[in-house]
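Trainee: Submitted below is the structure of interest, expressed as structure tokens.
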């Protein structure tokens with residue numbers, strides 16, 4: 001399992017519009033997920049050891065931020081024909097195991113992950129109230145960074161995250 005480091009993405013880039021479903025088939029749109037103070041999108045998967053190490057803290061951060069008006073979701077883009085543990089029928093149990101309360105969505109075509117510029121799991125994207133990219137970094141800084149974004153402040157010294165490469169379909 002190779003480790004990938006996140007590459008730079010231009011701040012101010014608009015969040016792509018999307019409609020994705022959770023494993024139960026309920027659809028969620030970008031605009032429905034957005035909170036009054038912004039949106040966090042966490043690109044994750046079930047099998048990645050980097051995700052598993054951070055997941056309990058990430059789930060707590062996302063719930064806290066959601067309570068503060070920052071919408072959130074997790075997106076699973078991996079090719080589960082190669083990594084069966086990432087399949088949608090395993091996502092509900094994964095979410096329950098880590099206490100994830102925000103929607104965990106399936107990016108079956110991988111179009112949303114590509115539009116975001118995601119390269120690995122976890123890959124965290126923080127958008128301001130205007131849905132422009134304001135934070136991309138590590139889980140450890142996510143809560144403070146998104147509180148700054150919600151307050152209209154810049155987030156200095158962002159540290160690129162790293163994780164397992166996304167398993168793109170051939």
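Read-outs: derived from the displayed coordinates by stated rules, not from any lab. Just so it is clear, the model here is predicted, and its values are computed rather than measured. As a convention, Cβ positions derive from the backbone with ideal geometry for all residues, glycine included, and neighbour counts pool all protein chains shown.
Trainee: What Kirkwood Rh does segment 107-156 have if only Cα atoms enter the pairwise 1/r average? Answer in Å. Don't skip to the end; give the middle numbers.
Mentor: Values: mean 1/r = 0.0855 Å⁻¹.
Evaluated on segment 107-156, it is 11.7 Å.
Trainee: I've got another one for you. Please give the helix 49-67 orientation as an angle from the longest Cα principal axis of the chain, in degrees from 0 to 90, rounded to the nearest 10.
Mentor: The angle comes out near 40 degrees.
Trainee: If you don't mind, another one. Using only Cα atoms, find the angle between the long axis of helix 139-150 and the longest principal axis of the chain, and express it within 0 to 90 degrees, rounded to the nearest 10.
Mentor: Taking the Cα atoms of the chain, the angle to 139-150 is about 40 degrees.
Trainee: Sort all Cα-Cα distances of the chain into consecutive 10 angstrom bins from zero, then give the percent of pairs in each bin up to the one containing the longest distance.
Mentor: Result, from short to long distances: 11, 44, 38, 7, 0 percent.
Trainee: Let me ask another. Which angle between 0 and 90 degrees, to the nearest 10, do you get for helix 88-98 versus the longest principal axis of the chain when only C-alpha atoms count?
Mentor: Around 50 degrees separate the two axes.
Trainee: Counting other beta carbons within 10 Å of each residue's own, what order do 75, 44 fall into, fewest first? Mind showing how you got there, number by number?
Mentor: Values: 75 25, 44 30.
By the 10 Å Cβ count, ascending: 75, 44.
Trainee: Let me ask something else about it. Taking only C-alpha pairs under 8 Å that are 6+ residues apart, what is the relative contact order of the chain in percent?
Mentor: Details: 359 pairs, mean separation 57.8, N = 170.
Value for the chain: 34 percent.
Trainee: If you average the C-alpha positions of segment 31-82 and of segment 92-148 separately, how far apart do those two centres end up, in angstrom?
Mentor: Here the answer is 4 Å between Cα centres.
Trainee: Moving to a separate point now. Go ahead and estimate [θ] at 222 nm for the chain from helices alone: -39,500 (n - 2.57) per DSSP H run with n ≥ 4, summed, over the residue count, rounded to 500. Can you show the working numbers first?
Mentor: On the way: 5 runs with 52 residues, N = 170.
So the calculated ellipticity at 222 nm is -9000 deg cm²/dmol.
Trainee: Is segment 86-170 best put as rounded, prolate or oblate by its Cα gyration tensor, with a ≥ b ≥ c the root eigenvalues, rounded for a/c under 1.5, and otherwise prolate when a/b is larger than b/c, oblate when not?
Mentor: prolate
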